[in-house]
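The structure under discussion appears below in the form of structure tokens.
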């Protein structure tokens, strides 16, 4: 998971803190400053749960031969055939991943070479992807794993929804804390919004016989955090 970064936005006025609702945040009030106002540091948090919409299968192609060049040629040909077959399926994206060649040394036996190529196949249609995986396995590819994740466009939309909830949370706590102190929110001194975090994919130990209904994953959570410094004044 990537580390969060903050983009800093200076804001003035009461607009963001209008229409307050309940939420949970961490907060701290600074000592009163010379004009009789108080600075309050508040963090609002919002989260949205949603089912992942992108399925990724990772497959391995490997071939062994006495000569490295022969092992590479076999693996390259098989990878080209697999990519060509995958690209013919609507809605499927195929990517070539890691590639390596290694020497196999055996006791009292001639050495050999193994060439390996990993490919990833992504699709939102689980049935189509799993059918393709089965056909590629029949051609000799090894299935290393299958995982569900949120597509970039879906995660972006969910983060926007989470941000709106974080704003509601920020509004609520700012108002509640000010009221508890016998104060009221006067303005916003500053706001910072955390950059979205990538949600970790949910991995499965996959088999060729797996059908689409058995590949459903639990919902994933997208969270947003907003920090603000608000100015409180006497009621």
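The values are calculated or read from the model by the stated rules, or taken from the named source; none is laboratory data. Because the structure is predicted, anything quoted here is derived from the model rather than measured. Heads up, the Cβs are rebuilt from the backbone with ideal geometry, glycines too, and the neighbour counts pull from every protein chain shown.
Tabulated results
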| read-out | value |
| --- | --- |
| Single match in 128, 82, 90, 78 (criterion: assigned to a loop (DSSP other than H, G, I, E, B) and either surrounded by 15 or more Cβ atoms within 10 Å (Cβ to Cβ) or under 31 Å from the mean Cα position of the chain (by Cα) (or both)) | 90 |
| Meets criteria (assigned by TED's automatic domain parsing to the domain that holds residue 218, outside any helix (DSSP H, G or I) and more than 30 Å from residue 39 (Cβ to Cβ)) for residue 189 | no |
| Test: residue 107 is in the same structural domain as residue 220 (by TED's automatic domain parsing), surrounded by fewer than 14 Cβ atoms within 10 Å (Cβ to Cβ) and free of Cβ contacts under 8 Å to residues at least 40 places away in the same chain | no |
| Condition met for residue 27 (modelled with pLDDT under 50, within 30 Å of the chain's Cα centre (by Cα), surrounded by 14 or more Cβ atoms within 10 Å (Cβ to Cβ) and assigned by TED's automatic domain parsing to the domain that holds residue 221) | yes |
| Residue list for the range 138-158, restricted to those being within 21 Å of the chain's Cα centre (by Cα) and assigned to a strand (DSSP E or B) | 144, 145, 146, 147, 148, 149 |
| Matching residues, the range 46-95, being under 26 Å from residue 126 (Cβ atoms) and without any contact (Cβ under 8 Å) to a residue 24 or more places away in the chain | 80, 84, 87, 88 |
| Residues satisfying the stated conditions in the range 193-235, i.e. more than 22 Å from the chain's Cα centre (by Cα), part of a loop (DSSP other than H, G, I, E, B) and modelled with pLDDT under 75 | 207, 208, 209, 210, 211 |
